[in-house]
Amino acid sequence: MAPRRTVQLSLKKPTSIVCVVGVETYVDVHSDVPKGAENFGVSGSSGVEIFMVYDPARVTEPTGKALWPLSASVDVVVSVDTASKDLNDLKVKVSYFGQREGSALGHSVLYLTGVDISLDVDTRRTGKVTRSRGDKKTWRWGPEGYGAVLLVNCDRDNVKFQGVDLASSQLTSLDDLQDMSPMVLTCDGPDKLFDSHKLVLNVPSSDSKRVGVFCARGGNSLSDYKQVLGPQHLSYKVERQPGEQKIDFYVEGLTFPDTDFSGLVSLSASLVDTETLPEVPLFTDTVAFRMAPWIMTPNTRPPLELYVCSVVDPHGPNEKFLQDLSGLVLKANCKLIVCPWVENRNDRWIQDEMEFGYIEAPHKSFPVVFDSPRNRGLRDFPYKRVLGPDFGYVTREIPFSGPSGLDSFGNLDVSPPVTVNGKEYPLGRILIGSSLLKSGGRRMAKVVRNFLQAQQVQAPVELYSDWLSVGHVDEFLSFVPTSDQKGFRLLLASPSACLKLFQEKKEEGYGEAAQFDGLKHQEKRSINEMLADRSLKSDSVYAQKCIDRNREVLKRELGLTEQDIIDIPQLFSLSDSYAEAFFPDMVNMVVLGKHLGIPKPFGPIINGRCCLEEKVRSLLEPLGLHCTFIDDYLSYHQLLGEIHCGTNVRRKPFPFKWWHMVP
């Protein structure tokens with residue numbers, strides 16, 4: 001709103017002002033008064049509200065025909081409640097009187113022209129623009145919060161256009177308007193007023209590269225919409241047509257929150273008097289937006305699409321693996337999308353290449369793929385094949401050194417919603433693998449960590465994953481949905497649980513049952529041999545210590561108890577001081593609702609059944625989950641990855657609205 005405005009009256013001639021609807025103007029009744037005047041009275045025409053500002057301790061409000069004293073500090077404030085039809089069609093009259101009753105000693109006249117100027121957006125977060133006279137320049141979080149939301153316009157609504165929509169200053173599709181937030185400028189008043197006044201939209205220089213504004217003039221042609229504010233345009237003189245009372249605009253976000261951008265932007269509209277030099281804004285209305293954050297979805301959200309690569313390796317194509325996944329997808333009632341060899345260039349690690357999330361405003365939501373900086377065979381797939389109408393794209397490149405293995409998105413996960421020491425995380429918390437900070441090991445690139453932190457709504461937690469050869473968090477943890485009050489369980493790979501299981505089977509007389517039974521290309525290892533292998537045992541003990549370190553961090557940062565954690569049997573062996581899964585890593589599974597695609601461990605066969613599979617079933621199936629064990633040994637495990645590494649799932653967004661939380 002405009003700062004306090006005061007108009008000075010004259011006894012010699014009428015004064016004329018422009019008054020914005022709902023904006024108070026102070027009237028100076030003290031500077032020019034008749035000689036001998038001690039009191040005054042004020043009257044006004046219909047449509048003008050007049051009220052007095054005074055100190056009740058010093059002044060008694062007059063009753064009847066009594067007048068206000070000039071000697072006391074009494075201010076006169078006027079406002080108009082509607083736009084004028086003509087110039088100067090509203091009037092305020094101030095009459096001055098002496099000490100004794102009698103005729104007025106003089107009069108001052110103030111003519112007002114009412115103009116209705118307001119810049120409005122969806123401050124109430126209903127999906128529609130409503131008129132607001134409240135605080136529009138402030139943005140507040142929480143269920144009682146307010147302030148408009150912008151989507152980063154990062155999809156491609158016109159498939160013939162080569163880039164993302166935000167890269168163009170011209171509208172490429174009318175559908176693109178749905179990705180933008182509406183904004184309405186009210187500009188009601190006499191047409192003649194705008195011969196001497198203009199309306200100007202402004203964006204601060206610091207925000208101009210974050211936001212674009214299109215002016216709408218109706219019609220169904222792309223040429224009816226032009227960008228009037230943005231990186232190249234800091235201000236815009238509004239082209240108001242005669243009789244026009246409202247002008248529509250559409251606002252797009254251009255950048256996600258990041259280390260140099262809090263996510264807040266503002267726009268303003270000013271009514272400027274062009275007959276004064278320098279030109280003076282009589283009134284400014286400012287609105288604030290917050291850029292919608294990129295939000296990850298955890299395993300507990302229902303699956304929509306499962307992505308997997310078709311590849312060829314020395315052992316042949318992964319056709320059987322794809323068939324097994326196809327059956328699992330059918331059970332889970334979601335869609336299977338196979339990336340062909342020609343597009344993946346034999347890069348099968350589609351989980352490492354990208355992460356699916358979404359952005360949401362009250363009026364619109366769409367998925368956004370986050371393209372990792374790893375840039376291997378699948379590097380073009382997210383941009384060329386995933387980006388499209390209502391499917392956005394974002395990436396972060398590492399500016400100097402190349403990416404490390406920890407920059408792949410198998411090293412990026414997110415928990416289900418949790419409450420930690422009374423603080424709620426209704427969208428969960430992002431989990432990324434790192435080194436022990438003092439060890440100087442591998443760590444996810446700073447540009448990626450900064451981006452994730454800047455989204456604010458899924459406060460990241462760093463875990464220790466650098467003890468692993470590949471170094472990804474999905475090698476030792478996963479989340480599965482449950483129907484109980486908790487809603488999920490954390491699965492952790494557990495060498496201790498595996499050694500305990502094998503010891504039990506030995507004591508039951510099954511010591512000669514062999515790991516890798518049924519695999520042609522792998523030497524069998526009996527339970528007795530594995531338990532006697534000091535190197536394997538010490539390697540697994542080391543791995544358990546590393547996992548236990550993470551266990552404590554996860555319990556603390558996610559507010560978990562031991563009852564929320566399930567230990568999945570798994571052994572590890574060291575290679576060049578880094579750990580690798582000794583047999584297919586069962587925790588590295590794909591979760592499709594209640595259906596789990598778990599790497600087939602090829603454990604010791606006891607009474608015709610794999611004892612490792614039976615153990616996992618006994619842990620998970622009582623929770624209502626369905627375990628399907630899939631052979632990924634040759635195509636994935638031997639290449640240091642498993643099913644989760646070789647798949648990617650797009651899931652339903654959270655029903656919870658991110659703006660209702662308080663970060």
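Quick one: would you say Arg551 is within 27 Å of Gly624 (Cα to Cα) and either in a helix (DSSP H, G or I) or more than 31 Å from the chain's Cα centre (by Cα) (or both)? Here the answer is yes, as Arg551 does meet what is asked.
With respect to (1) in the same structural domain as Ser16 (by TED's automatic domain parsing); (2) in a loop (DSSP other than H, G, I, E, B); (3) not aliphatic (A, V, I, L, M), the lone exception for Thr138 is condition (1).
When Gly243 is tested against (1) within 30 Å of Val394 (Cβ to Cβ); (2) part of a loop (DSSP other than H, G, I, E, B), just one condition goes unmet, and that condition is (1).
On inspection, Leu620 does not qualify as touching a helix residue (DSSP H, G or I) at 6+ places or on another chain (Cβ under 8 Å), touching a residue at least 40 places away in the same chain (Cβ under 8 Å), assigned to a helix (DSSP H, G or I) and of a type outside the set (S, T, N, Q). Among the residues that make up region 309-321, is at least one of them in contact (Cβ under 8 Å) with a residue 12 or more places away in the chain, within 32 Å of the chain's Cα centre (by Cα) and outside any strand (DSSP E or B)? No, region 309-321 contains no residue that is in contact (Cβ under 8 Å) with a residue 12 or more places away in the chain, within 32 Å of the chain's Cα centre (by Cα) and outside any strand (DSSP E or B).
When Leu229, Leu222 are checked against the criterion of being touching a residue at least 24 places away in the same chain (Cβ under 8 Å) and in contact with a Phe, Trp or Tyr (Cβ under 9 Å, 6 or more places away or on another chain), a single residue qualifies: Leu229.
Restricting the first residue to region 280-303 and requiring it to be free of Cβ contacts under 8 Å to residues at least 12 places away in the same chain, which pairs with a second residue that is surrounded by fewer than 21 Cβ atoms within 10 Å (Cβ to Cβ) meet a Cβ separation below 9 Å and a spacing of at least six or different chains? The qualifying pairs are Val280/Val272; Val280/Asp273. Quick check on this structure: which one of Val94, Val78 is of a type in the set (Val, Ile, Thr), farther than 30 Å from Gln245 by Cβ and in contact with a Ser or Thr (Cβ under 6 Å, 6 or more places away or on another chain)? Being of a type in the set (Val, Ile, Thr), farther than 30 Å from Gln245 by Cβ and in contact with a Ser or Thr (Cβ under 6 Å, 6 or more places away or on another chain) holds for just one of Val94, Val78, which is Val94.
Please go through region 464-493 and give me each residue that is under 13 Å from Leu623 (Cβ atoms) and touching a Gly at 6+ places or on another chain (Cβ under 6 Å), ordered by number.
If we filter region 464-493 for residues that are under 13 Å from Leu623 (Cβ atoms), which is where we start, we get 479-491.
Within region 464-493, Ser483 is the sole residue that qualifies.
For Thr126, are the conditions met, namely being over 23 Å from Gly243 (Cα atoms), in a loop (DSSP other than H, G, I, E, B) and under 52 Å from the mean Cα position of the chain (by Cα)? Considered against the rule, which asks whether it is over 23 Å from Gly243 (Cα atoms), in a loop (DSSP other than H, G, I, E, B) and under 52 Å from the mean Cα position of the chain (by Cα), Thr126 comes out as yes. Within region 265-279, the only residue that satisfies the criterion of being in contact (Cβ under 8 Å) with a residue 24 or more places away in the chain, in a loop (DSSP other than H, G, I, E, B) and of a type in the set (S, T, N, Q) is Thr274.
Here Pro190 fulfils each of the conditions (1) over 23 Å from Thr130 (Cβ atoms); (2) under 27 Å from the mean Cα position of the chain (by Cα) apart from (2). Screening Pro182 against (1) surrounded by 15 or more Cβ atoms within 10 Å (Cβ to Cβ); (2) more than 28 Å from Phe370 (Cβ to Cβ) leaves a single unmet condition, (2). Does Ser465 satisfy being of a type in the set (Ser, Thr, Tyr) and within 25 Å of the chain's Cα centre (by Cα)? For Ser465, the condition - of a type in the set (Ser, Thr, Tyr) and within 25 Å of the chain's Cα centre (by Cα) - is not met.
Residues considered: Phe400, Phe451. Of these, the only one that is modelled with pLDDT under 95 and either among the charged types (D, E, K, R) or over 19 Å from Thr300 (Cβ atoms) (or both) is Phe400.
Is it the case that some residue within region 373-384 is of a type in the set (Asp, Glu), assigned by TED's automatic domain parsing to the domain that holds Val470 and crowded, with 16+ Cβ neighbours inside 10 Å? No, region 373-384 contains no residue that is of a type in the set (Asp, Glu), assigned by TED's automatic domain parsing to the domain that holds Val470 and crowded, with 16+ Cβ neighbours inside 10 Å. Taken over region 14-25, the criterion of being modelled with pLDDT of 95 or more and either surrounded by fewer than 16 Cβ atoms within 10 Å (Cβ to Cβ) or of a type in the set (Gly, Ala, Ser) (or both) is satisfied by Pro14, Ser16. For region 37-57, what are the residues that are loosely packed, with under 12 Cβ neighbours inside 10 Å and in contact (Cβ under 8 Å) with a residue 40 or more places away in the chain? The one that is loosely packed, with under 12 Cβ neighbours inside 10 Å and in contact (Cβ under 8 Å) with a residue 40 or more places away in the chain: Ser43. Going by the structure shown, is Pro373 in contact (Cβ under 8 Å) with a residue 60 or more places away in the chain and on the phi < 0 side of the Ramachandran plot? Yes.
Out of curiosity, is Ser95 touching a residue at least 40 places away in the same chain (Cβ under 8 Å), exposed (fewer than 12 other Cβ atoms within 10 Å of the Cβ) and in a strand (DSSP E or B)? It is false that Ser95 is touching a residue at least 40 places away in the same chain (Cβ under 8 Å), exposed (fewer than 12 other Cβ atoms within 10 Å of the Cβ) and in a strand (DSSP E or B).
Give the residue, chosen from Asp207, Asp260, that is exposed (fewer than 14 other Cβ atoms within 10 Å of the Cβ), closer than 30 Å to Val457 by Cα and within 26 Å of the chain's Cα centre (by Cα). One residue alone meets the criteria, Asp260. Scanning region 594-615 for residues that are closer than 23 Å to Pro298 by Cβ and out of contact with any strand residue (DSSP E or B) (no Cβ under 6 Å at 6 or more places or on another chain) returns a single hit, Pro599. Looking across region 636-663, the residues that are buried (at least 23 other Cβ atoms within 10 Å of the Cβ) and assigned to a loop (DSSP other than H, G, I, E, B) come down to Tyr636, Gly641, Glu642, Ile643, His644, Cys645, Gly646. The condition of being of a type in the set (Val, Ile, Thr), more than 17 Å from the chain's Cα centre (by Cα) and surrounded by fewer than 14 Cβ atoms within 10 Å (Cβ to Cβ) does not hold for Thr138. Against the test of being assigned by TED's automatic domain parsing to the domain that holds Asp413, more than 27 Å from the chain's Cα centre (by Cα) and not aliphatic (A, V, I, L, M), the options Phe479, Phe488, Phe502 yield a single qualifying residue, Phe502. Being assigned to a strand (DSSP E or B) and at pLDDT below 95 is not true of Pro182.
Scanning region 493-515 for residues that are surrounded by fewer than 16 Cβ atoms within 10 Å (Cβ to Cβ) and in contact with a strand residue (DSSP E or B) (Cβ under 7 Å, 6 or more places away or on another chain) returns a single hit, Glu512. Here the condition is being touching a helix residue (DSSP H, G or I) at 6+ places or on another chain (Cβ under 8 Å), hydrophobic (A, V, I, L, M, F, W, C) and touching a residue at least 24 places away in the same chain (Cβ under 8 Å); of Cys339, Cys334, it holds for Cys339 alone. Taking the conditions (1) exposed (fewer than 15 other Cβ atoms within 10 Å of the Cβ); (2) touching a residue at least 40 places away in the same chain (Cβ under 8 Å); (3) assigned to a loop (DSSP other than H, G, I, E, B) in turn, Leu519 satisfies each one other than (1).
With respect to the conditions (1) over 27 Å from the mean Cα position of the chain (by Cα); (2) not in a strand (DSSP E or B), Phe283 falls short on a single one, namely (2).
The values are calculated or read from the model by the stated rules, or taken from the named source; none is laboratory data. Everything numeric here is computed off the predicted structure, so don't read it as measured data. Cβ: placed from backbone, ideal geometry, glycine included. Neighbour counts: every protein chain shown.
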